[in-house]
Amino acid sequence: MNDQALVLGIETSCDETGIGVVRGSELLADAIASSVDAHSRYGGVVPEVASRAHLEAMAPTVRRALDTAGVALKEIDAIAVTAGPGLAGALLVGVAAAKAYALAADKPLYGVNHLAAHVAVDRLEHGPLPEPALALLVSGGHSSLLLIDDLARGVRPLGATIDDAAGEAFDKVARLLGLPFPGGPPIDREARAGDPGAINFPRGLTSPRDLARHRFDFSFSGLKTAVARWVEARERAGEPVPVADVAASFQEAVCDVLVRKALDACSEHGVDTLLIGGGVAANSRLRSMAEQRCAKAGVRLRAPRPKLCTDNGAMVAALGAHLVEAGVSASTLEIPADSALPVTTVSLHAGL
Ligand code: KG4
Ligand code: ZN
């Protein structure tokens, strides 16, 4: 067992080329090159643009991360890379680069799951995650509740969104309010000046009938439509749209459902640690609401700092270090990039 593995992590599942270096639970470097500006005028990430940007950013960002960490590639114990889920072409750039570095430097390669990496990143800030734990992962592509008994070997999905991801809802609502992409940060900012109780937007899948079938699932598309109708009605009436109130009320509805269902899952499964992760976990209201309600429920909250919640390479390196420590065997050089990698597969092995 190696408890201080020096790992290089490569993340390219979406629009961030993230390269991290960690030693055990210590963060040594977290270099990011984002192509977000190239996508903003389209209101969403354009896969081909993202892939090309990863290709251009890869070598200089790896260089920058190694320099910041003060280590040479030959000193690294293992290379971890996001193998999925994510955009196929974007993942391919990271996986191909990771294989090339692993082959050139003769290092073991770990192809890992992006969602499990969002969970593992917290060890860099709060130390090893107590198990079992419940993870609420909310990002632009996913909204999931996961039961973590043993992160190195698998996670149990309890529920997920049945339509839009939470971050997607933030992005779409921001767009209809005339706010820039990605929509989470500007909605978070606007909401600070608004009244979260101004408009009572629907809480998806919380009625007794829905709960019977979808207790730990989420739905945000009805909420997005409700916001669109509300805004249209104001515009039709020739009245100004109170952007701050709409943002705050929308955000309140999202956070309320997320925290409510996460704590219900904790109590149902007798788990007293809740971890929140993914880009939406950077949201200030989600963090404060989770803090208040967890304290009341006697649940310990683990929320990595906002910069570690959004996509980055350190989270991939952190999961790699966790796998090395747990004695999980490395991946082969034949592993694919799998855009639909299921959340139950934490790391890839031969034949997968
Ligand atoms: O985890 P992430 O960086 O990438 C994916 O794996 O999708 O998450 C990006 C998502 C975007 O939808 C963005 O709007 C959202 O996270 N986000 C936020 C905040 N910061 C980023 N949502 C709400 N509040 C924020 N402060
Ligand atoms: Zn992510």
In the stretch 6-65, trypsin sites (Lys or Arg not before Pro) in a DSSP loop with at most 16 other beta-carbon atoms within 10 Å: Arg41
Phi to ³J(HN,Hα) by Karplus 6.51 cos²θ - 1.76 cosθ + 1.60 over the stretch 302-312, Hz, x for Gly, Pro: 10, 10, x, 4, x, 5, 8, 6, 6, 4, 7
Gap separating the Cα centres of the stretch 31-46 and the stretch 90-118, nearest whole Å: 22 Å
Of all accessible heavy-atom area on the chain, the percent that carbon and sulfur account for (1.4 Å): 52 percent
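In the stretch 250-352, what GluC sites (Glu not before Pro) fall in a loop by DSSP, with at most 13 other Cβ atoms inside 10 Å? Walk me through the numbers before you get to the answer.
Values: sites: Glu252, Glu268, Glu291, Glu325, Glu334; in loops: Glu334.
Passing both the DSSP loop test and the Cβ count: Glu334.
Given that compact globular proteins tend to follow 2.2 N^0.38 Å, what is the ratio of the alpha-carbon Rg of the stretch 131-306 to that value? Present the calculation step by step, with values, prior to reporting the outcome.
Working: Rg = 16.1 Å, N = 176, 2.2 N^0.38 = 15.7 Å.
Normalised Cα radius of gyration, the stretch 131-306: 1.02.
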Percent of beta bridges antiparallel (DSSP, the stretch 131-306, rounded to nearest 5): 60 percent
In degrees, nearest ten, helix 243-269 long axis to first principal axis of the chain (Cα): 60 degrees
Gain on full stretching of the segment that runs from Ala96 to Arg236 - 0.36 nm per residue minus C-alpha separation: 45.2 nm
Solvent-accessible area per residue for the stretch 131-306 (1.4 angstrom probe, square angstrom): 43 Å²
Selected from Leu8, Leu91, Leu129, residue furthest toward positive end of dipole (the chain; charges at beta carbon): Leu129
Rounded to 10°, Cα long-axis angle of helix 221-236 versus longest principal axis of the chain: 50 degrees
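Taking a temperature of 10 °C and a viscosity of 1.306 mPa s, what whole-number D in µm²/s does Stokes-Einstein yield for the chain with Rh from Kirkwood over alpha carbon pairs? It would help to have the intermediate numbers written out before the result.
Details: Rh = 20.4 Å.
My calculation gives 78 µm²/s for D.
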Helix 47-69 vs. the chain, principal-axis angle (Cα, 0 to 90°, nearest 10): 60 degrees
Principal axis dimensions, largest first and in whole angstrom, of the stretch 92-196 by Cα: 54, 34, 29
With all protein chains modelled, accessible area of Asp163 [1.4 Å, Å²]: 60 Å²
Positive minus negative residues near Ala281 (Lys, Arg vs Asp, Glu; Cβ under 13 Å): 0
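In cubic angstrom, how much convex hull volume per residue do the alpha carbon atoms of the stretch 216-352 span? Present the calculation step by step, with values, prior to reporting the outcome.
Details: hull volume 22.5 nm³, N = 137.
Taking only Cα atoms, the stretch 216-352 has a hull volume of 164 Å³ per residue.
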Proximal lysine pairs, the chain, alpha carbons under 17 Å, eight or more residues apart or interchain: 5
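The values are calculated or read from the model by the stated rules, or taken from the named source; none is laboratory data. Since this is a predicted model, take the numbers as computed values, not measurements. When we count neighbours, we look across all protein chains shown, and the Cβ atoms used for this are built from the backbone with ideal geometry, even at glycine. Ligands, DNA and RNA are excluded from the accessible area calculation, which covers all protein heavy atoms including side chains. Shrake-Rupley method; radii C 1.70, N 1.55, O 1.52, S 1.80 Å.
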